[in-house]
Amino acid sequence: MRTILQLNLWALIALFFVSHTTFAAEQSDVFDLDLSSLMEMQITSAGRKEQNLADVAAAVYVIDSNDIKNSSATSLPELLRTVPGLQVARISASKWAVTARGFAGAFSSELLVQIDGRTVYTPSFSGVYWDMQTVMLKEIDRIEIIRGPGATLWGANAVNGIINIITKSASDSIGLYAQSGGGNFEQRFGSIRYGSQLAENTYGKAYFEYHQRDSYKFNADSYPADSAIYSYTHSVLAAENNASDDWDMLNGGFRFDGDANLENNWTLQGDIYSGDEHQKVYPYYTETSIIPALKDDKAKVRGYNLLGRWQHKNNNENSWTLQSYYDFTERNEVFAKQTYKTLDIDFQHRFNFSNSNDIVWGFGYRLVRDEYRSSDLVVMDPAKQTMRTYSFFMQDDISIVKDKVILSLGSKFEHNEFTNFEVQPSARLLWKASHNQSLWTAVSRAVRTPSRFENDITVIMSKTPLPPTYTTVATAYMVGAENLDSEKVVSYEAGYRYAKDNRFSADVALFYSRYKDVREYLYSASGAQVTNGAKGTSHGVEVSLQYTPVEWLETQLNYTFIEVEMKTDSPENDLFLNNAEVLSYSSPKHQVSLNTSITLPKDVTLNLFGRYIDEIEYSSQNVNSKIDAYFALDANIIWAITDKLEFKLAGQNLTDPDHLEFVSEYFTPPTEIGRSIYGQLSYSY
């Protein structure tokens with residue numbers, strides 16, 4: 001079946017090439033932006049100000065709205081698969097491991113993620129619940145990804161990268177848009193958005209979205225039958241083909257944008273969501289049971305947020321912005337009920353001190369109140385806590401040689417509840433060798449602050465009956481530790497960008513990072529204790545090449561190499577790997593992807609995205625969590641039936657009926673990611 005599918009697919013591609021060659025004369029130029037204009041693409045995340053890509057001394061990648069339209073992705077993590085330097089692995093139907101430059105996990109704690117300036121990094125668990133980031137893909141203007149430390153401007157936890165998801169202004173979403181579709185895994189989905197001009201300088205929009213996704217199946221081979229401790233798990237998973245991880249989500253939101261006058265503009269926006277996620281949890285113990293169980297669970301998630309922003313702009317070099325948001329999040333699962341309430345206030349000011357100094361500075365305050373309901377498996381003590389963070393930053397872009405050489409110096413100063421005062425400086429140097437090429441280098445320091453999980457949690461790891469009576473039980477726990485220090489990294493980077501006319505561009509980044517005081521688990525007969533016991537290095541290279549040989553064919557080739565070498569003084573353990581080993585081997589050394597977009601006659605577009613992911617030796621503390629290398633192909637055909645009506649037929653993982661991508665370190669059994677095919681009809685007016 002697999003061979004037949006591949007042959008049919010490539011035959012279809014060849015047919016499209018032939019037909020397009022025949023009708024190429026009928027086509028007009030489909031590219032509004034030639035590659036040389038990439039150097040002038042405006043981004044905001046790298047310097048907290050509008051900058052041309054050519055002026056940024058950092059490893060930057062941008063996913064724009066056209067990339068999103070041509071993608072087969074139906075979620076935010078799937079969109080990120082195209083980014084060099086990022087590792088995106090699906091754990092189950094509703095869970096992903098997303099990280100930059102190593103340190104992969106269900107809670108990848110070294111990556112800071114924002115949506116319109118609202119941080120969605122979870123401070124209690126140090127990571128991102130990707131299933132709860134409900135952004136309507138059609139309404140995303142662009143996604144800016146910064147690989148490497150960004151703590152100087154964005155603060156703690158921006159250790160290995162930043163992802164900033166920027167949605168469209170209400171003025172860019174005028175009219176009605178509706179979409180509906182379904183398939184074998186994406187069973188049902190639909191969305192509707194309407195926007196209009198409310199007054200002379202005021203625009204508004206509102207949207208609703210729903211999706212329902214089916215289950216995948218278990219991968220029992222990750223727990224071999226000859227492994228005594230996991231023999232029970234192997235037999236259970238082998239018998240239960242269905243992972244029971246189906247889920248559904250309903251979300252909606254609004255946005256208003258307006259101009260108070262020529263110098264002032266404002267934004268008010270909000271979102272609300274609610275969903276049910278089925279899952280099986282292992283190992284699960286009760287107060288009386290010593291046998292680990294595979295337990296059915298339905299996680300209920302809900303939340304809402306409200307964000308306001310006011311910007312005053314005298315000119316491009318003198319402006320200030322005041323932003324504040326409130327975010328409520330609740331997640332109720334069998335092992336814990338988590339509630340977070342976040343209030344954040346942020347102010348920044350940009351001005352020119354002289355013709356040679358472009359300064360951005362600002363301050364912020366964040367208040368997070370959390371509450372936990374403990375379970376038989378997980379206990380958080382204290383159950384409630386309030387965490388406050390105060391911050392100040394400043395960065396000066398110094399023009400050493402006008403329009404040629406720019407030196408950026410800056411630092412972030414933060415005070416948090418766990419480690420008190422943190423300093424995160426950086427120095428970056430950019431040389432614009434010509435109008436179409438630039439070179440840059442940087443050295444940065446960043447930290448990841450401890451989380452509530454690492455300080456206050458107790459988790460039951462195992463229960464063992466004791467001889468000779470076997471009526472008493474020894475219970476092993478994983479426990480947090482007070483007075484943990486921040487994880488620290490010093491990273492050295494260099495890069496080169498080149499773009500020539502409308503045919504070819506290249507972006508290359510190299511990095512070397514040194515880590516210390518990284519989270520580790522010190523094992524003993526009674527369980528495991530969280531410590532700062534790991535240290536090590538990572539190095540790698542990230543390459544992105546875009547080539548447009550003819551006007552109807554656009555290609556992009558990405559390559560990533562990374563090697564992580566972490567070590568620890570913790571003794572070896574027969575049942576579990578130490579965290580240093582997991583971090584060293586939880587990311588593939590090599591990743592290669594090829595993205596191809598072909599414009600065909602009769603308003604049809606064919607998009608192909610193939611990727612090769614190298615093997616992963618370990619992806620969790622489970623010693624058997626090896627993941628084989630795999631190749632996956634996503635493809636879609638988009639037909640613009642009219643200027644208002646469009647049809648998309650898309651497939652994901654077409655070359656393999658199912659494969660393992662990652663094994664979670666938290667509670668979830670290994671799950672095979674299956675082939676998905678869906679159809680989508682969209683209407684705009």
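The magnitude of the dipole of the chain, with charges of +1 and -1 set on the Cβ of Lys/Arg and Asp/Glu and taken from the Cα centre, is near 580 debye. Each residue of region 44-193 gets 119 Å³ once the volume of the Cα convex hull is shared out per residue. Sequence-ordered 3J(HN,Hα) estimates for region 114-124 from the Karplus curve with 6.51, -1.76 and 1.60 and θ = phi - 60° stand at 10, 10, 6, x, 9, 6, 10, 5, 8, x, 6 Hz, glycine and proline given as x.
I'd like to check one number: the per residue accessible area of region 378-417, probe 1.4 Å, reported in Å² as a whole number. Accessible area per residue: 54 Å². For Lys589, the lysines whose Cα falls under 28 Å of its own Cα, not counting residues fewer than eight places away in the same chain, are Lys95, Lys217, Lys488, Lys516, Lys535, Lys567, Lys626. Remark: region 573-645 is approximated by an ellipsoid whose semi-axes, taken from the C-alpha gyration tensor as √(5λ), come to 42, 11, 8 Å, largest first. Estimated purely from DSSP H runs of n ≥ 4, each contributing -39500 (n - 2.57), the mean residue ellipticity at 222 nm for the chain is -2000 deg cm²/dmol once divided by its residues.
Projecting label points 7 angstrom from Cα along Cα→Cβ for Asp658 and Asp381 puts them 4.1 nm apart.
Our summary of shape: the Cα atoms of region 617-685 have principal axis extents of 55, 24, 14 Å, ordered from largest down, in whole angstrom.
From most to least packed by mean Cβ count within 10 Å, the peptides 119-127, 673-681, 197-205 give 119-127, 673-681, 197-205.
With a Förster radius of 45 Å applied to the C-beta separation of Asn242 and Tyr547, the computed FRET efficiency comes to 0.55. As an equivalent ellipsoid, region 256-405 spans semi-axes of 46, 19, 14 angstrom, where each value is the square root of five times an eigenvalue of the C-alpha gyration tensor, largest first. With all protein chains in place and ligands, DNA and RNA left out, the 1.4 Å accessible area ranks Asp658, Asp501 as Asp501, Asp658, largest first.
Subtracting the Cα-Cα distance of Asn184 and Asp569 from 0.36 nm times their residue separation leaves 133.8 nm of extension gain. Just the Kirkwood number for region 358-421, please: inverse of mean 1/r across all distinct Cα pairs, in Å, one decimal. The answer is 15.1 Å. Entry note, the chain: relative contact order of 13 percent, from Cα contacts under 8 Å with a spacing of 6+ residues. Paramagnetic label reach from Thr441 (point 7 Å along Cα→Cβ; backbone nitrogen cut-off under 20 Å): within region 525-543, residues 538-543. Each label was represented as a point 7 Å from its Cα along the Cα-to-Cβ direction; for Tyr210 and Asp628 these points are 4.0 nm apart. Taking label positions 7 Å along the Cα-Cβ direction at both Asn201 and Phe353, the computed distance is 3.3 nm, reported to one decimal.
You can think of it this way: the chain between Asn314 and Glu617 has 103.6 nm of extra reach, that is 0.36 nm per residue less the Cα-Cα gap. Note on Lys500 and Tyr477: with the Förster distance fixed at 45 Å, the Cβ-Cβ geometry gives a FRET efficiency of about 0.15. On the beta carbon distance between Trp639 and Asp172, with R0 = 22 Å, the FRET formula returns roughly 0.35. Per 10 Å bin from zero, what fraction in whole % of the C-alpha pairs of the chain is there, up to the bin with the longest pair? Computed distribution, short to long bins: 3, 14, 25, 28, 19, 8, 2, 0, 0. Straight-line cross-link partners of Lys49 among the lysines, defined as a Cα under 24 Å from its Cα and at least 8 positions apart when in the same chain: Lys168, Lys313, Lys402, Lys404, Lys412, Lys432. Only Cα pairs under 8 Å and 6+ residues apart enter the sum, and on that basis the relative contact order of region 433-576 stands at 20 percent. Pairwise Cα distances in region 529-685 exceed 20 Å in 64 percent of cases.
The values are calculated or read from the model by the stated rules, or taken from the named source; none is laboratory data. What you see is a predicted model; the values in this text were computed from it and never measured. Quick reminder, even Gly has a Cβ in these numbers, built from the backbone with ideal geometry, and neighbours come from all protein chains shown. Accessible surface is based on the protein model in full, side chains and every heavy atom, while ligands, DNA and RNA are left aside. Shrake-Rupley method; radii C 1.70, N 1.55, O 1.52, S 1.80 Å.
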